[in-house]
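Taking it in order: structure first as structure tokens, then the write-up.
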Amino acid sequence: MFFAAMHAEMMVRAKLIIPNNVHQTLDNIRDHNWLFYSGLLSYLIVLMCDLVVSVGMHIYLKRFDEKLSWIVASMRVIYTMIFSYAIIQLFVGFQLALHPKFEKQVTCMKYFEEFEMIFNGALILFGVYLIFAAWLCKKSNLIYKWVCILLAIAGLAYCVDNILKLSYSKEYYVEHYQSVTLPLVAIPAIFGEVGLAISLLRQ
């Protein structure tokens, strides 16, 4: 799931969609439409994995706190639904970019921008989910304490990072915040999720 998400975000969307440059974006999509399809497929893989994780964690951890487990699973399912709607915007934008009429092509940027806005909003919810998931993992006494701490830190970082993305223009965010928030999100998220997987596999 991690590698599919990195491919979709870093190798496809960030490479092909150039903010405020519709002509370059259209050229990129026309020249590499197969890459865009691979990005959409990667997003779908992430969606399916999200559902599997939400159900799997609920089944495994509900014996420790069923009510909290339901809350955690529900938040991830809601996040997945919002994320699904965002991907629809991405797909519509992609189809418009390949439309034979230029006046239709230029409207693709509206959908790409909507995808980013919806996705950033969904990631705020994902951050809250991680904080509650960390709490649930701690109550289970089966997950390493350092994993719970990393998940909580990652959740808080997701919330702050995406609130900043929604509050400022992309250019301002990249210039003033990205160099700080990106490692604060990525490092605890990667090690926290790997640690969680190891903790569950050892049971």
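Within the range 134-145, is there a residue that is buried (at least 16 other Cβ atoms within 10 Å of the Cβ) and closer than 24 Å to Ala14 by Cβ?
No, the range 134-145 has no match at all.
Within the range 43-102, can you find the residues that are farther than 23 Å from Ile118 by Cα, without any contact (Cβ under 8 Å) to a residue 60 or more places away in the chain and part of a helix (DSSP H, G or I)?
Val55, Gly56, His58, Ile59, Glu66, Lys67, Trp70, Phe102, listed by residue number.
Restricted to the range 157-174, and to residues that are charged (D, E, K, R) and modelled with pLDDT of 90 or more, which residue is nearest to Gly127 (Cα to Cα)?
Among residues in the range 157-174 that are charged (D, E, K, R) and modelled with pLDDT of 90 or more, the one nearest to Gly127 (Cα to Cα) is Asp161.
Which condition number does Ile143 fail, the rest of (1) touching a residue at least 40 places away in the same chain (Cβ under 8 Å); (2) part of a helix (DSSP H, G or I) being met?
(2)
Which condition number does Ile153 fail, the rest of (1) within 15 Å of the chain's Cα centre (by Cα); (2) surrounded by 14 or more Cβ atoms within 10 Å (Cβ to Cβ) being met?
Only one criterion is unmet by Ile153, namely (1).
Restricting to the range 161-183, give me the number of residues that are hydrophobic (A, V, I, L, M, F, W, C), within 29 Å of Gly56 (Cβ to Cβ) and crowded, with 17+ Cβ neighbours inside 10 Å.
0
Here are some residues: Ala197, Ala154. Which one is outside any loop (DSSP other than H, G, I, E, B), out of contact with any helix residue (DSSP H, G or I) (no Cβ under 9 Å at 6 or more places or on another chain) and not charged (D, E, K, R)?
Ala197
The values are calculated or read from the model by the stated rules, or taken from the named source; none is laboratory data. Since the structure is predicted, the reported quantities are computational estimates derived from the model, not experimental observations. Virtual Cβ from ideal backbone geometry, glycine too; neighbours counted across all protein chains shown.
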